[in-house]
Amino acid sequence: MDKFIYKKSAGITALSASISEFAYKKHAHAEYAIGVTLRGIQHYTLDGGLQLSYPNGVMLFNPEQAHDGMAHDETGLDYVMLYIDPQLISDVSGTKDIVRFSNPVVYDDRLEQKILTLSHAILSEKDEALCSELLLSLTDHLIQTKLSSYDKKDNALIRKVKNMVHGSLENVLKLDDICKELNLSKYQFIRLFKAHTGISPYQYFLNCKIERAKQVIEKNKDIYAAVTECGFVDLTHLNKHFKSVYGTTAFEYISHLN
């Protein structure tokens with residue numbers, strides 16, 4: 001039976017998941033996603049290539065890195081994941097540069113243990129101060145072992161598009177307006193955006209709406225406010241798309257926070 005448990009502390013969201021039949025649709029997160037495969041094999045496509053994370057494998061996803069996900073076979077899959085805001089990583093690491101993970105899957109016993117310790121602390125609702133200390137230890141290990149690099153570059157045109165999308169999530173995505181602003185044809189723009197992000201403009205727009213809905217739910221504990229503020233037709237519409245990214249409906253997610 002598929003099972004997803006979310007908890008949040010010190011600005012970090014922790015997920016404990018068991019899946020057999022469920023499969024994530026292609027999506028991306030605004031946060032870093034750092035996790036450990038506990039049982040089974042995590043099967044996913046990242047940057048156009050197949051990745052397999054075996055037991056004890058540490059999975060490292062950069063923000064806005066498009067991927068899907070599923071159990072590799074009928075034996076199913078257990079794993080934990082931490083979702084960490086990029087600004088929080090910058091604050092902890094003491095750098096304004098963008099940290100980029102260079103390897104999607106690594107096998108590092110110390111790193112694995114630090115992820116498991118922090119995820120367990122959040123999921124078992126330990127003190128927030130302890131979770132912050134554990135995050136510092138985890139981030140220091142990531143930096144010191146050179147599993148990551150710093151990237152100051154970001155395509156200015158793509159960043160402009162992302163800002164336009166984020167500024168109008170309550171509306172329907174207007175490709176014509178964006179293309180006029182960029183002086184590109186619709187198909188030039190779609191091809192360019194997908195080449196840079198791994199997903200289409202509409203998929204990115206939908207992902208952003210789901211991320212915003214998650215933020216509204218966490219802040220207000222009001223699922224219907226998320227429906228209204230993020231431009232979903234109704235709760236069923238929100239639940240459907242929320243589940244495709246988080247494995248659980250928005251209605252179920254809010255119950256984890258109470």
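Taken together, 162, 209, 243 contain a single residue that is among the charged types (D, E, K, R) and open to solvent by 60 Å² or more (accessible area, probe 1.4 Å), which is 243. Restricting to the range 13-52, what's the tally of residues that are basic (Lys, Arg) and within 17 Å of the chain's Cα centre (by Cα)? Final tally of qualifying residues: 2.
Let's see how each residue does on (1) among the aromatic types (Phe, Trp, Tyr); (2) under 16 Å from residue 116 (Cα atoms); (3) in contact with a Leu (Cβ under 6 Å, 6 or more places away or on another chain):
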| residue | (1), (2), (3) |
| --- | --- |
| 40 | no, no, yes |
| 58 | no, yes, yes |
| 73 | no, no, no |
| 83 | yes, yes, no |
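Among the residues that make up the range 182-191, is at least one of them open to solvent by less than 80 Å² (accessible area, probe 1.4 Å) and aromatic (Phe, Trp, Tyr)? Yes, that holds for at least one residue. For the range 212-224, filtering for residues that are surrounded by 18 or more Cβ atoms within 10 Å (Cβ to Cβ) and touching a residue at least 24 places away in the same chain (Cβ under 8 Å) leaves 5. Inspection of the range 110-118 identifies no residue that is without any contact (Cβ under 8 Å) to a residue 40 or more places away in the chain, surrounded by fewer than 16 Cβ atoms within 10 Å (Cβ to Cβ), under 19 Å from the mean Cα position of the chain (by Cα) and more than 24 Å from residue 20 (Cβ to Cβ).
The residues listed here are 113, 87, 51, 42; of these, the one that is over 21 Å from residue 247 (Cα atoms) and at pLDDT 95 or above is 113. Here is the figure for the range 14-56: residues that are surrounded by fewer than 21 Cβ atoms within 10 Å (Cβ to Cβ), of a type in the set (Ser, Thr, Tyr) and outside any loop (DSSP other than H, G, I, E, B) total 4.
Summed over the range 119-153, the residues that are modelled with pLDDT of 90 or more, hydrophobic (A, V, I, L, M, F, W, C) and either touching a Gly at 6+ places or on another chain (Cβ under 7 Å) or open to solvent by less than 50 Å² (accessible area, probe 1.4 Å) (or both) give a count of 7. For the range 97-108, check the following and say yes or no: at least one residue is in a loop (DSSP other than H, G, I, E, B), among the hydroxyl-bearing types (Ser, Thr, Tyr) and surrounded by fewer than 18 Cβ atoms within 10 Å (Cβ to Cβ). Looking for residues that are in a loop (DSSP other than H, G, I, E, B), among the hydroxyl-bearing types (Ser, Thr, Tyr) and surrounded by fewer than 18 Cβ atoms within 10 Å (Cβ to Cβ), one finds at least one in the range 97-108, hence yes. Checking residue 195 against (1) open to solvent by 80 Å² or more (accessible area, probe 1.4 Å); (2) part of a loop (DSSP other than H, G, I, E, B); (3) of a type in the set (Gly, Ala, Ser), which test does it fail? Result: residue 195 fails condition (2) only. On inspection, residue 104 does not qualify as under 27 Å from residue 208 (Cα atoms), touching a His at 6+ places or on another chain (Cβ under 7 Å) and modelled with pLDDT under 95.
Here is a check on your reading of the model: is residue 69 more than 18 Å from residue 244 (Cα to Cα), open to solvent by less than 40 Å² (accessible area, probe 1.4 Å) and either of a type in the set (Gly, Ala, Ser) or touching a residue at least 40 places away in the same chain (Cβ under 8 Å) (or both)? It is false that residue 69 is more than 18 Å from residue 244 (Cα to Cα), open to solvent by less than 40 Å² (accessible area, probe 1.4 Å) and either of a type in the set (Gly, Ala, Ser) or touching a residue at least 40 places away in the same chain (Cβ under 8 Å) (or both). Filtered by the rule that a residue be modelled with pLDDT of 90 or more, among the β-branched types (Val, Ile, Thr) and not in a helix (DSSP H, G or I), the range 207-258 gives 248, 249.
Is at least one residue of the range 222-245 within 21 Å of residue 26 (Cβ to Cβ) and touching a strand residue (DSSP E or B) at 6+ places or on another chain (Cβ under 8 Å)? Yes; the residues of the range 222-245 include at least one that is within 21 Å of residue 26 (Cβ to Cβ) and touching a strand residue (DSSP E or B) at 6+ places or on another chain (Cβ under 8 Å). Among the acidic types (Asp, Glu), closer than 30 Å to residue 96 by Cα and loosely packed, with under 14 Cβ neighbours inside 10 Å, is that true of residue 176? No: the conditions fail for residue 176.
The values are calculated or read from the model by the stated rules, or taken from the named source; none is laboratory data. Being a predicted model, the structure only gives us computed values, none of them experimental. No Cβ is skipped: glycine too gets one built from the backbone with ideal geometry, and neighbour counts run over all protein chains shown. What goes into the accessible areas is simple: the full protein's heavy atoms, side chains included, and nothing from ligands, DNA or RNA. Shrake-Rupley method; radii C 1.70, N 1.55, O 1.52, S 1.80 Å.
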